[in-house]
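Report on the following structure.
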Amino acid sequence: MRFRILPIVLALAALVLALKTGEIMDAFAQGAPAAPAPAAGAPPLAKQAADEPLLPLGLSVEELELLQSLAHRRAALDEREQTLLTREGRIEAAEKRITAKLSELDTLKRDIDGLIRKYDSQEEKELASLVKIYETMKPKDAARILDQVEFPVLVTLMERIKERSTAPILSAMNEQVARRLTSELARRRDLKPPGG
């Protein structure tokens, strides 16, 4: 809970003023004695009033300046608080936008992952179909076609062809292609190439 100093001070000053007004009224009602003569050497009343100006609510100049300073400080703090609240609101709005974007990215990533899995599954089915075709072909016919296939695709296919079908196909393939293919298959299986 925040305490506002200026309203409290003003309320106290009003209370003091009311009490002093009551005392003055009582003094008039009872017949106030005549004011004493000024002491010898004391400045005249007019000069004393000029030297020490009377301020409302019985406050000294220093106290009044302090109250004004506190009021300015309070206003500055209120303005600073409002600035911070505005900035906090902007930060919260930015955080919400970032959270929404991250959610969108997560959804997009899941969609992409699903498409990749679907593509991989479809590609695997197509490869399995091709492998089955080459396994059922005569080795010479399969070798003649596989000699013309791009090497990465050839390796992928030959990895999936059953071993009992691989040897006849390799023996019927172009010698250079067969040698390179054998080395690559051996490397992928972490085996040394024959004669290596």
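Read-outs throughout are calculated quantities, based only on the coordinates presented, and are distinct from any laboratory measurement. These figures come from a predicted structure and were not determined experimentally. Using ideal geometry, Cβ is built from the backbone for each residue, glycine included, and neighbour counts are taken over all protein chains shown.
Could you work out how far apart the two model spin labels at I145 and D106 are, taking each label as a point 7 Å from the Cα in the direction of the beta carbon, and quote it in nm?
Going from the I145 label point to the D106 one covers 4.7 nm.
7 Å from Cα along Cα→Cβ at both D78 and M137: what's the point-to-point distance in nm?
Reported label-point gap for D78 and M137 is 8.9 nm.
Could you give each residue of the stretch 181-187 its phi-based ³J(HN,Hα) in whole Hz, using Karplus coefficients 6.51, -1.76, 1.60 with θ = phi - 60°, and x for Gly or Pro?
3J(HN,Hα) across the stretch 181-187, in whole Hz: 4, 4, 4, 5, 4, 5, 4.
Quick check on the stretch 137-188: what are the equivalent-ellipsoid semi-axes from the Cα gyration tensor, as sqrt(5λ), descending, whole Å?
In descending order the semi-axes read 15, 12, 10 Å.
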